[in-house]
1. What helices (runs of 4 or more DSSP H) completely inside the range 340-423 contain at least 3 residues that are surrounded by fewer than 20 Cβ atoms within 10 Å (Cβ to Cβ)?
2. Of the conditions (1) within 16 Å of the ligand (Cβ to nearest atom); (2) modelled with pLDDT of 95 or more; (3) of a type outside the set (V, I, T), G241 satisfies every one except a single condition; which number is it?
3. Scan the range 205-218 for residues that are open to solvent by less than 30 Å² (accessible area, probe 1.4 Å) and not in a strand (DSSP E or B) and jot them down.
4. Enumerate the pairs (first residue in the range 357-383 and more than 16 Å from the ligand (Cβ to nearest atom); second residue anywhere and modelled with pLDDT of 85 or more and basic (K, R)) with beta-carbon separation below 9 Å, excluding pairs fewer than 6 apart on the same chain, so at least 6 apart or on different chains.
5. When you scan the range 68-89, do you find a residue that is away from the ligand (no atom under 12 Å from the Cβ), free of Cβ contacts under 8 Å to residues at least 24 places away in the same chain and open to solvent by less than 50 Å² (accessible area, probe 1.4 Å), even just one?
6. Name the pairs: first residue in the range 153-180 and closer than 17 Å to A123 by Cβ and open to solvent by 10 Å² or more (accessible area, probe 1.4 Å), second residue within 15 Å of the ligand (Cβ to nearest atom) and of a type in the set (G, A, S), Cβ to Cβ under 8 Å, at least 6 apart or on different chains?
7. Against the conditions (1) touching a Gly at 6+ places or on another chain (Cβ under 7 Å); (2) closer than 17 Å to F180 by Cα, where does L108 fall short? Just the number, please.
8. Just to verify a result, which residue in the range 147-156, among those that are in contact with a strand residue (DSSP E or B) (Cβ under 7 Å, 6 or more places away or on another chain) and of a type outside the set (G, A, S), is nearest to the ligand (Cβ to nearest atom)?
Amino acid sequence: MSEGEAGPRPHAALWDEVTGWLAEHWDPDLTVEAWWRVVADAGWTAPHFTPEQGGRGLSRRSGAVVRAAFVAFGALRPPGGLGLLMAAPTILTQGTPDQIERFVPPILDGSVAWCQLFSEPGAGSDLAGLTTRADRDGDQWVINGQKVWSSQAMQSDYGMLLARTDLDVPKHKGISWFAFRLDQPGVTIRPLREMTGDAVFNEVFLDDAVCEDRDVIGGAGNGWMVTQTTLHFERTGIGAGGSHAGFPEPGPKGGMHGLRAGDAALLEAPNAKLTVNYEDVARLVQEAGRSEDPGTRQDLARLYTYTQLGLWNAQRSKAEAQRGGGQAVASVGKLTQTDIVKLAARLGVDALGPNGLLTGEAAVEGGVFAKALVFSPASSIYGGSDQIQRNIIAERSLGLPRDDAPDRGRPFGEVLRERVQPA
Ligand SMILES: Cc1cc2nc3c(=O)[nH]c(=O)nc-3n(C[C@H](O)[C@H](O)[C@H](O)COP(=O)(O)OP(=O)(O)OC[C@H]3O[C@@H](n4cnc5c(N)ncnc54)[C@H](O)[C@@H]3O)c2cc1C
């Protein structure tokens, strides 16, 4: 759910509770780091987690209501980021009690930031074909390889790293999921500039980097199963309108920790947003005097409908996940969100006319709609491309025949050797 949609009316009791809590606890003179500890202790960072997990046992939708109430009050929101979207729920689902205790609280209080080190130059859609290697050395794993498109890696302290730990088994079976510390020799991170002008992406080179065995989530060789959990939370989060990166940025490298919380609350530049939502567009259409235009009205109605479907679908996905399924539903939600991101950006730019294509602080609406338009094609790619979501729905929900995979069932080392020396 996007924060703009979370008005007070549908969740009046929760809105009042958050506002009452803020009236008592918001202290703009605390540092961001200290404020986030107060917020996490009260369970507001992830209110949809259970109280034992550091949340408040509320619905998934509650997170957006809470964040909107913080903004309306003028308080700095709880920390965002990929750790909250993916690492914390993955570790809560697949980690040991020791791993949960070590990794989850620092995500909830924003003291560390995480990135996702899944994609490689030769392994995106075919993620299980990854070739980054991890070789055991006593209590440690020694890791070599390359990752790419790693959002926020430069600002992160940990990576959700996938690496191959066994070449003698089929490709899905020889992968492990590492909670990987980035600040160490052997890790080189280089930014990549996108067509939005930002450099959110990075390539990450791993040369004899190390990870302790106790930081393998789900056990060695079980990484593919753990990865399904991570992807599920990523797609469900994106499907519910969650930001891929998520302001405010956690961790010491995000640059916010030492700031006064009151100053940080004012920080989010209007053009820092990469996507726009129904509320942004509806306001713009009205201001531009286009509410009577039949085509615009139809598109706006479509955008509203997709947005509501996305929210209901996210709830359905969560319910199905609790019953042990839900991957196809998460894929439907992700596809819907792709339509929302593209339609909202186009409608906004249409309403603004030629000026809407200008970018930069001085541009109309801070250039946010132009930026959202340029970013919008990415929604068909991140979190797994549209085609891959359709494959998942076809195979896992509709029962259609599986995609052809000549390497299925064969030891992955053998497949790799053939690639180097074709038979
Ligand atoms: C904004 C953004 C943020 C990202 N952030 C991260 C991140 O933080 N961490 C990370 O690890 N990755 C990240 N990615 C990478 C993303 O997950 C991959 O780009 C994506 O999985 C696709 O992989 P690829 O780019 O290698 O394309 P490819 O896999 O090479 O695909 C190319 C095209 O072929 C199609 N295709 C491939 N296989 C099939 C098939 N079996 N059936 C039908 N069509 C197929 C695809 O749909 C696509 O259109 C990000 C990407 C974007 C755009």
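1. On the way: elements: 368-375, 386-392, 412-420.
It comes to 386-392, 412-420.
2. Tallying (1) within 16 Å of the ligand (Cβ to nearest atom); (2) modelled with pLDDT of 95 or more; (3) of a type outside the set (V, I, T), G241 fails exactly one: (2).
3. Filtering the range 205-218 down to residues open to solvent by less than 30 Å² (accessible area, probe 1.4 Å) leaves 206, 209, 211, 215-218.
Listed by number, the residues that qualify are D215, G218.
4. Hits for this filter: T359/K371.
5. no
6. T165/G223; K171/A128; K171/G129; H172/A128
7. (2)
8. Quick first cut of the range 147-156, residues in contact with a strand residue (DSSP E or B) (Cβ under 7 Å, 6 or more places away or on another chain) only: 147-154, 156.
Right, trim to of a type outside the set (G, A, S) and you get 147-149, 152, 154.
On the way: K147: 6, V148: 7, W149: 4, Q152: 7, M154: 12 Å.
Only one residue tops the list, namely W149.
The values are calculated or read from the model by the stated rules, or taken from the named source; none is laboratory data. Note that the coordinates shown come from a computational prediction; the quantities given were computed from them, not determined experimentally. No Cβ is skipped: glycine too gets one built from the backbone with ideal geometry, and neighbour counts run over all protein chains shown. Keep in mind that these areas ignore ligands, DNA and RNA; they rest on the heavy atoms of the full protein, side chains included. Shrake-Rupley method; radii C 1.70, N 1.55, O 1.52, S 1.80 Å.
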